[in-house]
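Only one structure is covered here, and it is reproduced in the block below.
Computed from the coordinates by the stated procedures, all read-outs in this text should not be read as laboratory data. Since the structure is predicted, the reported quantities are computational estimates derived from the model, not experimental observations. Cβ atoms come from the backbone with ideal geometry, glycine included; neighbour counts cover every protein chain shown.
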Amino acid sequence: MGHNGETTSASNAFEGIMSHIGRKMSVRTVYGEPTILGDRAVIPVAEVKYGGGGGWGGGRGPAAEALEGEKAEEIQGEGEGMGMGFGVSAKPIGAFEVTAEGVHWTPVFDWGRIVQIWSIVTGFVVIVAALKWLFSRN
């Protein structure tokens, strides 16, 4: 298949995938189905991230001036390429509790995020202390 046909095919495939994903994205992607518990409704909430991309390559042959002493006509070049990727990430962030008295937000406590922030702060403090000690020796 020729280069233009492959590019058109890849483009059509990517557009089809993105169109399908677009139809699936809705408010239900972030807000789950409400659960009724007695006189209250609980609505789960998630953080959802989507990302995607694609690419194409090409090629013909090496440039004669880049071969340095080799005969350009003896070396054949070829090329191809194509790539697509897509990722989805979802994590719960909390829930709305709806009662006759009003709406209450309850966040999810994310220990992983707390540990990550603590590690960054601790690392920064250690580096600053080491630099201070290093420069105070002179």
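Please rank D39, D110, fewest neighbouring Cβ atoms within 10 Å first, as an exposure proxy. Could you put the intermediate results ahead of the total?
Numbers: D39 9, D110 13.
Ordered from fewest to most neighbouring Cβ atoms within 10 Å, D39, D110 come out as D39, D110.
Can you list residues from other chains, or at least 5 along the same chain, whose modelled amide H is less than 5 Å from the amide H of I93?
When sequence neighbours closer than 5 places are left aside, the close amide H contacts are V45, A46, E47.
Work out how much length R60 to W118 would gain on full extension: take 0.36 nm times their residue separation and subtract the Cα-Cα distance, in nm to one decimal.
Details: separation 58, 0.36 × 58 = 20.88 nm, distance 5.22 nm.
Fully extending the segment from R60 to W118 adds 15.7 nm.
So if we plug the beta-carbon distance of D110 and S9 into 1/(1 + (r/R0)^6) with R0 = 35 Å, what FRET efficiency do we get, rounded to 0.05?
On the way: r = 42 Å, r/R0 = 1.21.
With R0 = 35 Å, the Cβ-Cβ based efficiency is 0.25.
Provide the per-residue ³J(HN,Hα) series for region 82-92, in order, calculated from phi with Karplus coefficients 6.51, -1.76, 1.60 and θ = phi - 60°, each as a whole number of Hz, with x at glycine and proline positions.
For region 82-92, the Karplus curve yields 3, x, 9, x, 8, x, 9, 10, 9, 8, x Hz.
Using modelled backbone amide H atoms (1.01 Å from N, in-plane), which distant-in-sequence or interchain residues come within less than 5 Å of R40's amide H?
none
For region 49-56, take each phi angle, set θ = phi - 60°, evaluate the Karplus expression 6.51 cos²θ - 1.76 cosθ + 1.60, and give the result in whole Hz per residue in order, putting x for glycine and proline.
Working through the residues one at a time gives 10, 10, x, x, x, x, x, 8 Hz.
Amide H of M82: which non-local residues (sequence gap of 5 or more, or other chain) have their own amide H closer than 5 Å, using H built in the peptide plane?
G57
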